[in-house]
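The values are calculated or read from the model by the stated rules, or taken from the named source; none is laboratory data. A quick note: this is a predicted structure, and the numbers were derived from the prediction, not measured. Note: ideal-geometry Cβ built from the backbone for every residue, glycine included; neighbour counts use all protein chains shown.
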Amino acid sequence: GENVEQHPSTLSVQEGDSAVIKCTYSDSASNYFPWYKQELGKRPQLIIDIRSNVGEKKDQRIAVTLNKTAKHFSLHITETQPEDSAVYFCAANNQGGKLIFGQGTELSVKP
Amino acid sequence: NAGVTQTPKFRVLKTGQSMTLLCAQDMNHEYMYWYRQDPGMGLRLIHYSVGEGTTAKGEVPDGYNVSRLKKQNFLLGLESAAPSQTSVYFCASRASGLSYEQYFGPGTRLTVT
């Protein structure tokens, strides 16, 4: 069935370094790829998304890249700060319009 | 504009008890979803609704039922709770059309003993 794989499951970086989280998806019909950030005890919140008609999208320190041929997309965070510490989820939509989520990446930014 | 709200925030049940979780949204969204979140497993879809009066099964529907009698509300029921249903439950909603962004509620932490 439809599947989204996310790696790594945990990621620890020093403040100021970059962080990269990668996802692969299985449904070739997927055309919407959001990234959600979830702080401890809070709800997931959308931080950036990309549609299949573009290869890259940036918003200040975060960017997402998409390779439709390889069916993978990545989240890039530059100049990381302690407040970036959270769990990040990627997702892809399926033909029914539902989102299939990856397993999550726990990012820890050390001061 | 409260967005998506969930009631209750926390609940402890004994095995075999029943309960209903309420999700409400004030954004006039057509689509509503119920997810469960377990450590290391991301968000898994339980049931969803594409409009008032409609419901459909998601990835992990067993042991749960839902109803969408009013557009703004989506109820998740557990008829006979089991320890395997201990989880954090999130409701989400989105508008119809090509806007796929889902807005999440604050979650309900359920423990079944």
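Before moving on, here are some points about what is shown:
- Extreme residue, surrounded by the most Cβ atoms within 10 Å (Cβ to Cβ), among residues of region B:33-49 that are more than 8 Å from chain A (Cβ to nearest Cβ) and in a loop (DSSP other than H, G, I, E, B): B:ASP38
- Selection count where residues are buried (at least 21 other Cβ atoms within 10 Å of the Cβ) and either more than 26 Å from A:ASN31 (Cβ to Cβ) or among the hydroxyl-bearing types (Ser, Thr, Tyr) (or both), scope region B:88-99: 2
- Filter pass, B:GLY16 being over 18 Å from B:THR111 (Cα atoms) and either at pLDDT below 95 or out of contact with any strand residue (DSSP E or B) (no Cβ under 7 Å at 6 or more places or on another chain) (or both): no
- Contact map, region A:52-64: first residue surrounded by 15 or more Cβ atoms within 10 Å (Cβ to Cβ), second residue charged (D, E, K, R) and part of a loop (DSSP other than H, G, I, E, B), Cβ cut-off under 6 Å, separation 6 or more or different chains; pairs are A:SER52/A:LYS68.
- Matching entry among A:LYS71, A:LYS42, A:LYS37 (being within 14 Å of another protein chain (Cβ to nearest Cβ), within 14 Å of the chain's Cα centre (by Cα) and surrounded by 13 or more Cβ atoms within 10 Å (Cβ to Cβ)): A:LYS37
- Residue in region A:61-68 that is modelled with pLDDT under 95 and either closer than 29 Å to B:TRP34 by Cα or among the β-branched types (Val, Ile, Thr) (or both) present: yes
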